[in-house]
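Have a look at the structure below before the remarks.
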Amino acid sequence: ATPVSIMVAIGRGARLGILFRKGTALQTLERVRVVAFDKTGTLTMGKPALTDLEPATGFDANTVLALVAGAEGGSEHPIATALIAAARDRGLTLPPVIKTDVQPGLGLRAEVGGKVVLVGNRALLSGAGVVLPDAMVDRAQVLAGQGKTALFAALDGQAAMVLAVADPVKPGSRDAIKALHEMGVTTAMITGDADATARAIAAEIGIDHVVAGVLPAGKVAALDNLRAKTGEHGALAFVGDGINDAPALAHADVGVAIGTGTDVAIEAADVVLVSGDPGGIVTALDLSRHTMRNIR
Ligand code: ADP
Ligand code: MG
C-alpha cells in the first residue's frame, strides 16, 4: 500500500467526520463483511424516557416511582436518568438513598425511604427471589414487543410495579443498515436489553441478527459467537459508545466508536464517528474500498 494515498484518505475521512486513530484500520475496513452495533446510544439516542407505569394491586404508582427514582440516584445509567426525570416532572419528592448496590446489565438494589428497593430486569428480580405475578410478566412482554425496555420494581421483596422506558432510534440508523446491506455487509445488534425489546428495534431498523441479554462482560464472547453464527470469514467491525463496549471495540477487527460516546470507548477504538451518526460507518467503508482499490 502506498502510504501517500492512505494519508490522503485519512485526511478526507477527517473532513467527513471520520477519524482514523490507527492507519491500518483503513486497510482492514475493506475486508469487513459483518458490522455489529451496540444498541443503546449507538443505534438509539441513548436518552430513554418513561412511557408506562403499572403498579401491582395494592401499590400506588407515585409512591413506588418516588422510591424507585430515589434508588436510581446511585446509578449513572440512562435508565436512571429517565426515571429520576419522570419523578421530578410529577413533582415527587425523592427520598435520599442510604445504600446502593448496582448490578451492571441487570439493575440495582438500594435502601431508600426505609425500604429495600429492587429495580431492573426480570433476571435481577428472579435472582433476588422475588415472585413476579403472571400478569406483570405478560405486561412486560407486551411492552417489550413495542420496542420498549420493561422494568420491574419490588419493595421489601414484593413485586410492586412494571415500568417501561422508550429510547428513540437515531434518524440515521435505518438508512445506515440499508446502505450496509447494499454493500453486501451483514448487520447485527448486541445488547444487554431483553430479547423481545431488541428484536422489535432490530425489525424497525432492518438489522439481520440480534444478540440480546448480553451482560457487560459478555460482549467480547458475543462477537465471537456472532462470527460463528454468520459463517462470515471476512473481518468484523463493532460500533459502540459505552464504557461497557470498550473490550469489544478492542477485540473486533475494527472498533468504531460513536464520537458523542464515552472517552473510554473512543480510546479503545480504531475509528471514531465524530457526529454520532451511525451512518459514518458506511462512509468509512466506502472510503476504504475506494482507497484500497486505487492503490492496486
Ligand atoms: P444496553 O446494552 O442496552 O446499554 P445494559 O447492559 O446497560 O444495556 O443494561 C441491560 C438491562 O439491565 C437494561 O435493559 C435494564 O433492564 C437493566 N438495567 C441496567 N441498569 C439499570 C438501572 N440503573 N436501572 C434499572 N434497570 C437497569
Ligand atoms: Mg451503548
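The values are calculated or read from the model by the stated rules, or taken from the named source; none is laboratory data. Just so we're clear, the structure is a prediction, and the values are computed from it rather than from any experiment. Ideal geometry is used to build each Cβ from the backbone, glycine not excepted, and the neighbour counts take in all protein chains shown.
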Quick check, is ALA265 assigned to a helix (DSSP H, G or I) and within 12 Å of ligand 2 (Cβ to nearest atom)? yes
Checking LYS219 against (1) among the basic types (Lys, Arg); (2) in the same structural domain as ALA82 (by TED's automatic domain parsing); (3) in contact with a Pro (Cβ under 8 Å, 6 or more places away or on another chain), which test does it fail? (2)
Report, ordered by the first and then the second residue, all pairs with beta carbons closer than 9 Å, sequence separation of six or more or different chains, a first member in segment 69-84 that is within 10 Å of ALA49 (Cα to Cα) and free of Cβ contacts under 8 Å to residues at least 40 places away in the same chain, and a second member that is in a loop (DSSP other than H, G, I, E, B) and of a type in the set (S, T, N, Q). THR81/SER75
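Each row is one residue, and each column tells you yes or no for (1) out of contact with any Phe, Trp or Tyr (no Cβ under 6 Å at 6 or more places or on another chain); (2) away from ligand 1 (no atom under 13 Å from the Cβ); (3) part of a loop (DSSP other than H, G, I, E, B); (4) in the same structural domain as THR197 (by TED's automatic domain parsing).
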| residue | (1), (2), (3), (4) |
| --- | --- |
| VAL116 | yes, yes, no, no |
| ALA123 | yes, no, no, no |
| VAL130 | yes, yes, yes, no |
| ALA135 | yes, yes, no, no |
| ASP138 | yes, yes, no, no |
Of the residues THR197, THR260, THR283, which single one is within 23 Å of GLY147 (Cβ to Cβ) and surrounded by fewer than 23 Cβ atoms within 10 Å (Cβ to Cβ)? THR260
Could you tell me whether any residue of segment 228-237 is modelled with pLDDT of 95 or more and not hydrophobic (A, V, I, L, M, F, W, C)? no
Just one listed residue, out of GLU232, GLU267, is over 19 Å from THR187 (Cα atoms), in contact (Cβ under 8 Å) with a residue 12 or more places away in the chain and in the same structural domain as MET183 (by TED's automatic domain parsing), and it is GLU267
Picking from ASP245, ASP253, the residue that is within 14 Å of THR28 (Cα to Cα), in the same structural domain as LEU26 (by TED's automatic domain parsing) and either surrounded by 24 or more Cβ atoms within 10 Å (Cβ to Cβ) or touching a residue at least 40 places away in the same chain (Cβ under 8 Å) (or both) would be ASP253
If you take just the strands (runs of 3 or more DSSP E) that sit entirely in segment 1-112, which of them hold at least 1 residues that are within 16 Å of ligand 1 (Cβ to nearest atom) and of a type outside the set (Val, Ile, Thr)? 32-38, 49-55, 97-103, 107-112
Restricting to segment 41-82, and then to whatever is of a type outside the set (Ser, Thr, Tyr) and more than 18 Å from LEU118 (Cα to Cα), can you tell me which residue is farthest from ligand 2 (Cβ to nearest atom)? ALA49
